Each structure stands twice: as structure tokens, then as C-alpha cells.
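The block underneath contains the structure these notes are about, expressed in C-alpha cells.
The values are calculated or read from the model by the stated rules, or taken from the named source; none is laboratory data. All values derive from a computational prediction rather than experimental measurement. Every residue, glycine among them, receives a Cβ derived from its backbone with ideal geometry; neighbour counts consider all protein chains shown. To get the accessible areas, we keep the full protein, side chains included, count just its heavy atoms, and leave off ligands, DNA and RNA. Shrake-Rupley method; radii C 1.70, N 1.55, O 1.52, S 1.80 Å.
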Amino acid sequence: YDKDIHDLAKKKKNIKAIYETLSQRDVQNAADEFRMVYDKTDGKDGYVSLEVNPHLAHDTKGTIEEAHRLWIALKRPNVLIKVPATVEGLPAIRQLISDGINVNVTLLFGIPRYRQVIKAYIDGIRDRTDHGKPVKNIVSVASFFLSRIDTVIDPKEEEFVALGGEQAHFATKIRGQVAISSAKIAYKIYKETFESEHFLELGASPQRLLWASTSRKNPDYSDIKYVEALIGPNTVNTIPLETLVAYRDHGDPSPQLEVNVEKASLVVSE
């Protein structure tokens, strides 16, 4: 980007303008590369995401305005605007879906917030249908950042292990399992919601689950831990290249997402 940055700086563009020029160009180019996939799958796949400014994470109005601005600037049907799943992001998600803007709900870490995200999406779809607007081409994903869940929780479990006794027993049993268990529960909720008659009557696409942060952070874990265990229909996994290479080398492509769901519930409960 050195030459581009130099040329834009010579035109007196500030840092934000330079960043937006380069990032929007990259996303547009990527969307064009994937347009064939988008067309071939009738809009199911082939999407590229661009995130609203993270400084707006707790600003509902600002997020809505920024998302509209980016959507108009990109001018591509196969893009998603990333909106963080903060409390303030929830009404923004509903409004943007109602306005016909594709949303990647990002930075999800827990089941209670996931339920709120689903509600925001469906409420946005209902708002749109109430105004007589089409919903067939509206697309959204809910992105769980998985390895980061274990990164936060594992050290706390180790504190309990050090205490010994019953707490240590529980902590040892669930170490490194909370993220995948959360994903399995989320997928169960996804199927219950988006395969229900109430949702199917709306004629909209389900808000698919996306697994993010799927590279291992703990070297003691398998390098394909957050890929192999999360294979299931209609999901997305944004796999880093190194993890993808490892999976192609020694991964088992069998559906695992609906295996041991009861155990997953016990892990999260504990």
C-alpha cells in the first residue's frame, strides 16, 4: 500500500480518508472476485465484510449512519456490514436489516447475547415485511469468536484447579471445552429458531452462524480444534490460512456440530 498511501497523502487526504479509500477498494475487489460464487449460489455464498468504525461500538445512531454510508459506497450486493453485538449494536442491527442492509453481527461470545441477536434480526425482517418490502435477498450472519472464549476462561479454570477438591474436578473436566460447547448450543438454538414454522412463514433467509477466531491460541490444543468440531450444514468458518493448511493435511471432514450436545450443555452449565 506504500505507493497508494503516498499518492493519497500528496492529495492532502487525512488518515481516515486514506484508510477508507484503501479498505473499500479492497472489499469491492474481493466482492467482484466472489461475484461468480454469489450468482451461482443465488446469493447464498460469496460475501465479503467491511466493519463499521470500532469507536462506534456503543453508539447506535452513529453505527446506523456509518453502515448506510459504507453500504452506499461499496455498491455491491455481496457485501456484509459488520456490526458488533454490543447492547447498543442490537437496535442498529434491527434497523439495518429493516433498511435492507446485509449485516455480519460480529464479536459474539455468549449464548444470552446470541438470543438477542436472533431477535434483532427477526424483528428487522418483520419490520420490513410490515412495510411491504421484500426480504428474500436480505442476508445476515452471527459471528462467534471462539478461541478467545477459551483464552479468557482457561486461566480462571486453572485457578480452581489449584484450589483442589470438587471445584478442581469440575474445572479440569471443562478446560478447553467452553467455546466449542457454546457453539454447539448456539447451533441447536439456530435450528430450533430458523427451522420453525413461525420463521419459515416470513420467507426470509436464516441468519447463519459464523465461526470466527478459529486458530488455536493455546499451543497445547490441536491446531484444528476450532474447525473439526464445528462442521455442520449452513455454517461458515472464517479459517486463517495456516489453520486451513493444517486441516487439509489431517482434518476429518465429518459433521460434528450436533454430536454430544447434551454434554455441551453440561459444560456450559458447570
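Starting from the Cα gyration tensor of the range 167-270, take the square roots of the eigenvalues, sort them a ≥ b ≥ c, and report rounded, prolate or oblate (rounded when a/c is under 1.5, otherwise prolate if a/b is larger than b/c, else oblate). Taking the square roots of the gyration eigenvalues as a ≥ b ≥ c, the range 167-270 is oblate. Comparing His58, Leu22, Val87 along the charge dipole axis of the range 1-98, the residue lying farthest to the positive side is Leu22, per the Cβ-charge model.
The structure shown yields Rg and Dmax of the Cα atoms in Å, and of the options (i) 22.7, 68; (ii) 22.4, 75; (iii) 20.2, 67 that calculated value carries the label (iii).
Treat every Asp and Glu Cβ in the range 2-95 as -1 and every Lys and Arg Cβ as +1, leave all other atoms uncharged, and give the resulting dipole magnitude about the Cα centre to the nearest 20 debye.
My answer is approximately 320 debye.
Near Val141, the amide H atoms lying under 5 Å from its own belong to Val103, Asn104, Val105; only residues 5 or more places off or on other chains count, and H is placed 1.01 Å from N.
Does the range 38-90 classify as rounded, prolate or oblate by the C-alpha gyration tensor (a ≥ b ≥ c root eigenvalues; a/c under 1.5 gives rounded; else a/b over b/c gives prolate, otherwise oblate)? Don't jump to the answer; show the numbers that get you there.
On the way: a/c = 3.20, a/b = 2.03, b/c = 1.58.
Prolate.
Database remark: amide H of Ser49 closer than 5 angstrom to the amide H of Leu80 (H placed geometrically; neighbours at sequence offset of 5 or more, or on other chains; Pro and chain starts carry no H).
Backbone phi angles across the range 217-229, fed through the Karplus curve with coefficients 6.51, -1.76 and 1.60 (θ = phi - 60°), yield HN-Hα couplings of 9, 9, x, 6, 8, 4, 6, 10, 3, 9, 10, 4, 7 Hz in residue order; Gly and Pro are listed as x. For Lys191, a cut-off of 16 angstrom between C-alpha atoms picks up these lysines, skipping any fewer than 8 places away in its own chain: Lys119. Dipole size in debye (nearest 20) for the chain around its Cα centre, Lys and Arg Cβ +1, Asp and Glu Cβ -1? My answer is approximately 880 debye. Note on Lys12: lysines with a C-alpha under 24 Å away, same-chain residues under 8 apart excluded, are Lys3. The calculated FRET efficiency for Val161 paired with Asp45, based on their beta-carbon distance and R0 = 51 Å, is about 0.75. The mean accessible area for residues of the chain, using a 1.4 Å probe and ignoring ligands and nucleic acids, is 55 Å² per residue. Pairs of C-alpha atoms in the range 1-58 farther apart than 13 Å represent 68 percent of all such pairs.
Counting alpha carbon pairs within less than 8 Å and at least 6 residues apart, what relative contact order, in whole percent, applies to the chain? Present the calculation step by step, with values, prior to reporting the outcome.
On the way: 404 pairs, mean separation 36.4, N = 270.
Relative CO of the chain lands at 13 percent.
Farthest towards the positive end of the charge dipole of the range 94-244, among the residues Gly232, Gln207, Phe144, is the Cα of Gln207, using unit charges on the Cβ of Lys, Arg, Asp and Glu. Listed here are the pairs Lys44/Lys225; Lys40/Lys184; Lys225/Lys263; Lys11/Lys61; which of them are more than 20 Å apart at the Cα? Correct reply: Lys44/Lys225; Lys40/Lys184; Lys11/Lys61.
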